[in-house]
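S.K.: I'd like to ask some things about the structure below.
The values are calculated or read from the model by the stated rules, or taken from the named source; none is laboratory data. Quick caveat: nothing in here was measured; it's all calculated off a predicted structure. All Cβ positions, even for glycine, are placed from backbone atoms using ideal geometry, and neighbour counts span all protein chains on display.
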Amino acid sequence: MTHSTMPTGSVISVDNLSIGFRGKAGHMLPVLRNISLDVHQGESIGLVGESGSGKSTLALAMMGYLKTGLRVLNGDVSFEGQKMFSQRRAALESIRGGRLALIPQNSGQSLTPTLRIGAQIQEALKLHSAQPSETFGARVIELLSQVRLPDPASIVERFPHELSGGQQQRVAIAMALAGEPEALLLDEPTTGLDVTTQAHILELLRDLARDMGMAMVYVSHDLGAIARVCDRVAVMYAGEVALEGSVRQVLRDPSHPYARGLLASIPKLSDICLPRALDGRPPAPGGAGQGCAFVSRCAIASDVCSTSRPDLALQPSGARSRCHHVDKVHEIPLSGDREVGKRALSDETSLSLKDLAISYARPSLWGKSVGREDTSVPTVEGINVALRRGETLGLVGESGSGKSTILKTIAGLLPPLSGEVTAHGGAPLPSKVEKRASTELRQIQMIFQNPDESLNPRQTIGQILAQPLILYFGLSGQALTEKTILLLDQVRLGGHYIDRLPSQLSGGEKQRVAVARAFAAEPDLVLCDEITSALDVSVQAAMLELLDDLRRQKNTSYVFVSHDLAVVRALSDRVAVLYQGRLCEIGPTHAVYGAKSHPYTEVLLGAVLEPDPDFTPELSASDVVELAPPAMGCPFQRRCPKRIGSICDTVAPPLREPDYGHKIWCHIEEI
Amino acid sequence: MTPSTTFQRPSHIARLGTVFVDIIVRPSGAIGLTLVIAHLVLALIAPFVVPYDFTEMNATLVMAPPSSLHWLGTDHLGRDTLTRTLMGGREAILVTGIATPLAVMWGGLVGIFFGLAGGKLDEVLMRIVDAFLSLPWILKMLVLIVTFGTGIEVLIPTLAFFYGIPVIRIARAATHDVVARDFVQAARARGHSKMTIIRQELLPNVRDALLVEGAMRWSWMLLAFSSLSFLGFGVSPPTPDWGLMIADARGFMSFSPLGVLAPMVGLSSLIIGINLTADALAKALGIDRAQKAPV
């Protein structure tokens with residue numbers, strides 16, 4: 001794919017562009033520094049980097065657009081030879097959306113909620129199409145089938161909220177295509193979508209780019225997605241292009257230490273080791289100094305790296321790399337080497353869930369008084385899981401599969417409809433948190449997805465960590481301070497964080513505080529709800545290492561919820577696969593990820609993307625999102641690629657146990 | 001990453017300082033705060049600077065025009081209008097200055113409690129609040145005042161009670177925003193008591209909204225107090241009060257306009273000052289008052 005079409009001319013050309021904002025001290029602080037990049041016709045180029053690396057700013061600058069407060073320091077962007085930043089507003093508006101279209105990250109929010117899909121696309125046609133307006137109706141249908149939406153004629157009549165996230169994204173793509181653009185800018189178009197949906201959207205984009213000969217700029221933090229759709233990749237770091245080359249050059253054997261670190265920090269399905277963490281954090285705008293921006297995090301840095309800024313130099317391979325020591329980069333390995341050690345697990349039960357069913361529907365007083373039966377299907381049903389002391393159970397499934405719901409019920413925040421939660425093989429825990437005894441509360445701690453939400457912005461880190469220490473252990477004075485500092489050391493933050501506020505910490509640091517707060521209670525079981533999904537990959541790897549360290553030291557059990565199958569694989573001893581709140585499969589990690597598995601597990605695994613240009617995902621099931629579980633039969637009946645017949649719709653699937661401890665609920669006899 | 005510098009959390013005083021600076025750099029804040037502070041200072045020093053005793057009558061100089069002796073003229077009993085205007089805000093500022101914090105405190109606490117409790121109880125109580133708010137305020141207050149009589153000891157609790165009710169709405173709405181966030185869920189999951197959750201998690205996050213609401217309530221309350229005085233249910237004569245002065249002088253407005261104008265300027269400048277300050281405070285604290293004020 002790399003050299004499939006030789007570029008003919010550049011559509012977008014970025015020439016020595018620097019963009020910055022005025023800091024509090026009055027100096028201009030650069031966000032982008034000396035970017036030069038050409039996007040050729042029919043080519044798709046990926047922009048990757050951590051959050052804050054300037055990738056989205058660059059993509060928007062390609063449209064001649066700057067966020068408020070930003071301004072061009074030098075350089076310009078040209079689109080088909082027209083300089084964007086010296087264009088008049090009207091001229092820019094005729095280019096934007098028409099010849100140069102943007103597909104934003106969350107297209108659900110970019111569609112007007114009160115306008116039918118057909119009307120929205122017609123609006124785009126009115127602005128950007130030269131065709132007579134009588135043809136618009138037919139053209140809308142054509143566009144919708146182009147983005148492979150089933151039954152376009154009925155989609156036209158619907159409102160945005162009646163579509164799933166993946167369908168909304170397809171509509172956004174159709175709107176972008178309405179002006180028959182020469183170039184398409186995509187800003188994290190699949191972030192926030194389920195794995196299967198993401199894989200389908202990426203295939204669509206790949207085909208569209210090829211069929212229509214458009215140039216594409218694809219902004220993403222996900223190297224797997226980049227590998228699937230891009231010909232060329234530019235790796236951004238601290239507002240600079242650190243490495244630029246063909247997707248193969250960048251992903252197979254990158255010649256820049258940052259790109260190698262980034263690649264090593266991605267958890268891969270094929271890897272048994274934990275991904276390698278990339279320590280430190282990128283410099284703030286204007287804080288890069290006169291040397292290489294990456295110097296403080298680089299394993300092969302020498303004196304010259306902190307005194308002179310390397311150029312983006314052409315390498316023999318054809319890639320361009322901004323590094324003084326390209327000859328030495330191969331010393332940096334591309335994968336982690338830290339094996340998740342076998343821990344001796346005792347036979348003591350830490351947690352057991354018996355016949356757990358959870359429903360969000362509350363029977364109404366009126367319904368009860370007239371004796372109406374509750375006929376709604378519970379959100380979660382039939383969950384039987386036991387967890388041993390020190391064991392880690394991964395819970396995977398798409399959004400809406402009930403993963404977080406189960407965690408809330410274990411924590412006592414959401415009383416179940418029926419069933420029991422038991423800790424340490426004792427009596428069932430009270431279903432409401434208010435009724436639980438202090439030790440019962442202390443033993444189960446929960447860590448939330450987004451540390452911005454889970455840490456009180458008005459409390460210092462010291463106050464946040466003191467809460468469990470005071471509540472469970474009654475600590476005060478010197479003992480409290482000492483224990484707080486000890487906790488901060490355990491999560492590798494250090495005692496000087498004690499007086500800071502959460503807003504003064506980076507995302508990764510905040511999540512460490514949340515981990516420290518959970519471990520302050522000295523729990524037996526920690527519930528982790530997507531705790532790495534709001535973090536950059538490099539930070540995620542460090543978080544996984546930390547969790548592994550802590551469970552070794554304290555013999556803690558985890559229930560680890562994630563939609564990322566590679567992350568779950570890296571940490572879990574056992575994995576449970578959920579679909580629509582029902583268990584499909586549960587077993588030892590190697591068995592679930594192995595040859596024999598439930599059709600749904602196969603669908604999920606097939607959609608996982610690897611940062612490898614030669615990797616092709618296997619898309620077997622449709623990406624239709626279901627909103628409610630079926631009333632009877634197998635929960636996966638409507639999407640299953642291996643459906644055997646009407647038995648799937650009517651009879652609950654039987655339990656099969658291909659190996660000891662590996663349970664699959666499916667009608668297929670020979671799994 | 002080894003720490004080289006120690007970090008100190010900004011103290012509460014430092015935070016107040018930055019908020020204060022944030023207020024006075026805005027034109028609305030600078031003008032508003034100047035007006036409010038000028039009024040407060042005047043109210044404090046007025047007894048010592050006024051040229052006459054506010055009860056001193058002069059039968060030979062009734063409704064006199066401005067002169068070198070009486071800069072703003074005299075009223076229908078020959079009392080000095082300047083003196084009475086300068087003294088006329090003291091009672092209003094005292095009563096509302098005590099009633100406002102009381103209103104914010106009780107309304108805020110009840111609102112936070114409803115917001116946290118949620119569910120049916122919350123729904124029922126909010127409908128009662130709605131019913132209360134739908135009645136004209138002057139009627140509600142007159143009922144109490146007619147029953148218990150006028151005087152500071154009745155006016156303060158009456159104003160605090162009725163102006164606490166809209167505060168319930170604000171506090172409840174702000175609490176709802178906070179309760180949904182994960183740090184409150186985390187505190188619940190740890191097993192903290194309701195009181196601890198209110199004190200540690202909710203109050204610090206609702207406080208800013210309540211501050212701004214308090215400033216707004218103050219200006220409403222001033223207006224209400226003056227209206228009551230105007231109707232004869234507030235301050236009893238001969239104590240000077242803007243509302244009362246306007247009521248007394250309005251019959252002679254056509255030939256002695258200063259008698260009405262002077263107390264009007266006094267009252268409106270204070271209310272405008274409070275409103276401008278509240279606006280600047282809301283912006284400094286990052287609260288959009290336009291979205292949060294239902295009444």
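S.K.: Considering only residues that are among the aliphatic types (A, V, I, L, M), in a helix (DSSP H, G or I) and farther than 20 Å from B:Gly234 by Cα, which ones fall in the range B:41-91?
M.R.: B:Val41, B:Leu42, B:Leu44, B:Ile45, B:Ala46, B:Val49, B:Leu82
S.K.: Now, a different point. Select, from B:Met105, B:Met87, the only residue that is over 24 Å from B:Leu42 (Cβ atoms) and out of contact with any His (no Cβ under 7 Å at 6 or more places or on another chain).
M.R.: Just a single option satisfies the conditions, and that option is B:Met105.
S.K.: What residue, of A:Glu453, A:Glu440, is under 30 Å from A:Arg388 (Cα atoms) and assigned to a helix (DSSP H, G or I)?
M.R.: A:Glu440
S.K.: Shifting gears a bit: Quick check on the range A:502-541: of everything there that is more than 12 Å from chain B (Cβ to nearest Cβ), of a type in the set (A, V, I, L, M, F, W, C) and within 16 Å of A:Val567 (Cα to Cα), which residue is farthest from the chain's Cα centre (by Cα)?
M.R.: By that ranking, first place goes to A:Cys528.
S.K.: Residues of the range A:1-29 being surrounded by fewer than 19 Cβ atoms within 10 Å (Cβ to Cβ) and modelled with pLDDT of 80 or more, which ones?
M.R.: Selection gives A:Ser10, A:Asp15, A:Asn16, A:Ser18, A:Phe21, A:Arg22, A:His27, A:Met28, A:Leu29.
S.K.: Same structure, new question: Read through the list (1) modelled with pLDDT of 85 or more; (2) buried (at least 18 other Cβ atoms within 10 Å of the Cβ), then give the number of the only condition that A:Gly98 fails.
M.R.: (1)
S.K.: Take A:Thr460 and tell me if it is more than 24 Å from A:Val561 (Cβ to Cβ), more than 9 Å from chain B (Cβ to nearest Cβ) and not basic (Lys, Arg).
M.R.: Working: more than 24 Å from A:Val561 (Cβ to Cβ): yes; more than 9 Å from chain B (Cβ to nearest Cβ): no; not basic (Lys, Arg): yes.
It is false that A:Thr460 is more than 24 Å from A:Val561 (Cβ to Cβ), more than 9 Å from chain B (Cβ to nearest Cβ) and not basic (Lys, Arg).
S.K.: Could you list, in sequence order, all residues of the range A:464-484 that are surrounded by fewer than 18 Cβ atoms within 10 Å (Cβ to Cβ) and part of a helix (DSSP H, G or I)? So that I can check it myself, show each step before the final result.
M.R.: Going through the range A:464-484, the residues surrounded by fewer than 18 Cβ atoms within 10 Å (Cβ to Cβ) turn out to be A:470, A:473-474, A:476-483.
Residues satisfying the conditions are A:Ile470, A:Phe473, A:Gly477, A:Gln478, A:Ala479, A:Leu480, A:Thr481, A:Glu482, A:Lys483.
S.K.: Of everything in the range A:290-312 that's touching an Asp or Glu at 6+ places or on another chain (Cβ under 8 Å) and assigned to a loop (DSSP other than H, G, I, E, B), which residue is surrounded by the fewest Cβ atoms within 10 Å (Cβ to Cβ)?
M.R.: Here the answer is A:Ala299.
S.K.: Please go through (1) in a loop (DSSP other than H, G, I, E, B); (2) at the interface with chain B (Cβ under 9 Å from one of its Cβ atoms); (3) buried (at least 18 other Cβ atoms within 10 Å of the Cβ) for A:Asp499 and return the number of the only condition it doesn't satisfy.
M.R.: (3)
Condition check ((1) surrounded by fewer than 19 Cβ atoms within 10 Å (Cβ to Cβ); (2) more than 23 Å from the chain's Cα centre (by Cα); (3) of a type in the set (Phe, Trp, Tyr)) across all residues:
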position: A:Pro588; (1), (2), (3): yes, yes, no
position: A:Ser597; (1), (2), (3): no, yes, no
position: A:Ser620; (1), (2), (3): yes, no, no
position: A:Pro630; (1), (2), (3): yes, yes, no
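S.K.: Sticking with this one: Restricting attention to the range A:606-618, which residues are outside any loop (DSSP other than H, G, I, E, B) and surrounded by fewer than 20 Cβ atoms within 10 Å (Cβ to Cβ)?
M.R.: Step one: list which residues in the range A:606-618 are outside any loop (DSSP other than H, G, I, E, B), which gives A:606-607.
Selection gives A:Gly606 alone.
S.K.: When A:Ser454 is evaluated against the numbered criteria (1) of a type in the set (S, T, N, Q); (2) touching a residue at least 60 places away in the same chain (Cβ under 8 Å); (3) more than 8 Å from every other protein chain (Cβ to nearest Cβ), which criterion, by number, is the only one it fails?
M.R.: (3)
S.K.: Report yes if some residue within the range A:558-568 is within 23 Å of A:Glu657 (Cα to Cα) and free of Cβ contacts under 8 Å to residues at least 12 places away in the same chain; otherwise report no.
M.R.: Looking only at the range A:558-568, we keep the residues that are within 23 Å of A:Glu657 (Cα to Cα), and these are A:559, A:565, A:568.
Within this subset, residues satisfying the condition of being free of Cβ contacts under 8 Å to residues at least 12 places away in the same chain are none.
No: the range A:558-568 contains no residue that is within 23 Å of A:Glu657 (Cα to Cα) and free of Cβ contacts under 8 Å to residues at least 12 places away in the same chain.
S.K.: Give the residue, chosen from A:Ala411, A:Ala427, A:Ala466, that is closer than 22 Å to A:Glu348 by Cβ and more than 7 Å from chain B (Cβ to nearest Cβ).
M.R.: Checking each option against the conditions leaves just A:Ala427.
S.K.: Looking at the range A:153-193, which of its residues are in a loop (DSSP other than H, G, I, E, B) and over 25 Å from A:Glu618 (Cα atoms)?
M.R.: Correct list: A:Val156, A:Glu157, A:Arg158, A:Phe159, A:Ala178, A:Gly179, A:Glu180, A:Pro181, A:Glu182.
S.K.: Condition check: in contact (Cβ under 8 Å) with a residue 12 or more places away in the chain and either more than 29 Å from A:Arg252 (Cα to Cα) or assigned by TED's automatic domain parsing to the domain that holds A:His424 (or both). Does A:His598 satisfy that? If you could, list the steps in order and put the result at the bottom.
M.R.: Working: in contact (Cβ under 8 Å) with a residue 12 or more places away in the chain: yes; either more than 29 Å from A:Arg252 (Cα to Cα) or assigned by TED's automatic domain parsing to the domain that holds A:His424 (or both): yes.
For A:His598, the condition - in contact (Cβ under 8 Å) with a residue 12 or more places away in the chain and either more than 29 Å from A:Arg252 (Cα to Cα) or assigned by TED's automatic domain parsing to the domain that holds A:His424 (or both) - is met.
S.K.: Looking at the range B:26-38, is at least one residue at pLDDT 90 or above, away from chain A (no Cβ under 14 Å), closer than 20 Å to B:Pro237 by Cα and not in a loop (DSSP other than H, G, I, E, B)? Working first, answer last.
M.R.: Narrowing the range B:26-38 to residues at pLDDT 90 or above: B:30-38.
Cutting the leftovers down to away from chain A (no Cβ under 14 Å) gives us B:30-38.
When the remaining residues are screened for being closer than 20 Å to B:Pro237 by Cα, the result is none.
Looking for residues that are at pLDDT 90 or above, away from chain A (no Cβ under 14 Å), closer than 20 Å to B:Pro237 by Cα and not in a loop (DSSP other than H, G, I, E, B), one finds none in the range B:26-38, hence no.
S.K.: Check whether at least one residue in the range A:116-131 is small (Gly, Ala, Ser), modelled with pLDDT under 80 and over 23 Å from A:Ser220 (Cβ atoms), and report yes or no. Walk me through it before giving the result.
M.R.: Residues of the range A:116-131 small (Gly, Ala, Ser): A:118-119, A:124, A:129-130.
From what's left, modelled with pLDDT under 80: A:129-130.
Checking the rest, the ones that are also over 23 Å from A:Ser220 (Cβ atoms) come to A:129-130.
Looking through the range A:116-131, at least one residue is small (Gly, Ala, Ser), modelled with pLDDT under 80 and over 23 Å from A:Ser220 (Cβ atoms).
S.K.: Sort out which residues of the range B:159-189 are of a type outside the set (Val, Ile, Thr) and closer than 24 Å to B:Trp137 by Cβ, and write them in order of number. Please lay out each step first, then the result.
M.R.: In the first step, residues of the range B:159-189 are kept if they are of a type outside the set (Val, Ile, Thr); the result is B:159-164, B:166, B:169, B:171-174, B:176-177, B:180-183, B:185-189.
If the condition is that a residue be of a type outside the set (Val, Ile, Thr) and closer than 24 Å to B:Trp137 by Cβ, then B:Leu159, B:Ala160, B:Phe161, B:Phe162, B:Tyr163, B:Gly164, B:Pro166, B:Arg169, B:Ala171, B:Arg172, B:Ala173, B:Ala174 are the ones that fit.
S.K.: Output the number of the condition that A:Pro658 fails; it satisfies all remaining conditions of (1) farther than 21 Å from A:Val575 by Cβ; (2) assigned by TED's automatic domain parsing to the domain that holds A:Ser399; (3) not β-branched (Val, Ile, Thr).
M.R.: (1)
S.K.: How many residues does the range A:60-100 hold that are of a type in the set (Gly, Ala, Ser), in contact with an Asp or Glu (Cβ under 9 Å, 6 or more places away or on another chain) and touching a residue at least 12 places away in the same chain (Cβ under 8 Å)?
M.R.: Of the range A:60-100, the ones of a type in the set (Gly, Ala, Ser) are A:61, A:64, A:69, A:75, A:78, A:81, A:86, A:90-91, A:94, A:97-98.
Cutting the leftovers down to in contact with an Asp or Glu (Cβ under 9 Å, 6 or more places away or on another chain) gives us A:75, A:78, A:86, A:98.
Retained after the next criterion (residues that are touching a residue at least 12 places away in the same chain (Cβ under 8 Å)): A:75, A:78, A:98.
Number of matching residues: 3.
S.K.: A further question follows. Please determine, by comparing only the residues of the range A:54-98 that are aliphatic (A, V, I, L, M) and in a loop (DSSP other than H, G, I, E, B), which one is farthest from A:Glu180 (Cα to Cα).
M.R.: Restricting attention to the range A:54-98, the residues satisfying the condition of being aliphatic (A, V, I, L, M) are A:58-63, A:66, A:70, A:72-73, A:77, A:84, A:90-92, A:95.
Then drop every residue that is not in a loop (DSSP other than H, G, I, E, B), which leaves A:62-63, A:66, A:84.
On the way: A:Met62: 18, A:Met63: 16, A:Leu66: 24, A:Met84: 19 Å.
In this case the residue turns out to be A:Leu66.
S.K.: Also, quick follow-up: What do you reckon, is A:Arg309 farther than 30 Å from A:Ser270 by Cβ and among the basic types (Lys, Arg)?
M.R.: yes
S.K.: Output the residues belonging to the range A:333-374 that are at pLDDT below 85 and of a type in the set (A, V, I, L, M).
M.R.: Within the range A:333-374, A:Leu334, A:Val340, A:Ala344, A:Leu345, A:Ala361, A:Leu365, A:Val370 meet the criteria.
S.K.: Sort out which residues of the range B:252-278 are in a helix (DSSP H, G or I), more than 30 Å from B:Asp22 (Cβ to Cβ) and in contact (Cβ under 8 Å) with a residue 40 or more places away in the chain, and write them in order of number.
M.R.: Step one: filter the range B:252-278 for residues in a helix (DSSP H, G or I), giving B:252, B:258-278.
Retained after the next criterion (residues that are more than 30 Å from B:Asp22 (Cβ to Cβ)): B:252, B:258-264.
B:Phe252, B:Leu258, B:Gly259, B:Ala262, B:Pro263, listed by residue number.
S.K.: Would you mind finding the one in B:Ala171, B:Ala160, B:Ala187 that is hydrophobic (A, V, I, L, M, F, W, C), under 30 Å from A:Ala466 (Cβ atoms) and in contact (Cβ under 8 Å) with a residue 40 or more places away in the chain?
M.R.: Going through B:Ala171, B:Ala160, B:Ala187 in turn, just one is hydrophobic (A, V, I, L, M, F, W, C), under 30 Å from A:Ala466 (Cβ atoms) and in contact (Cβ under 8 Å) with a residue 40 or more places away in the chain: B:Ala171.
S.K.: Right, next: What number of residues in the range A:56-71 are farther than 13 Å from A:Val219 by Cα and crowded, with 22+ Cβ neighbours inside 10 Å?
M.R.: So the answer is 1.
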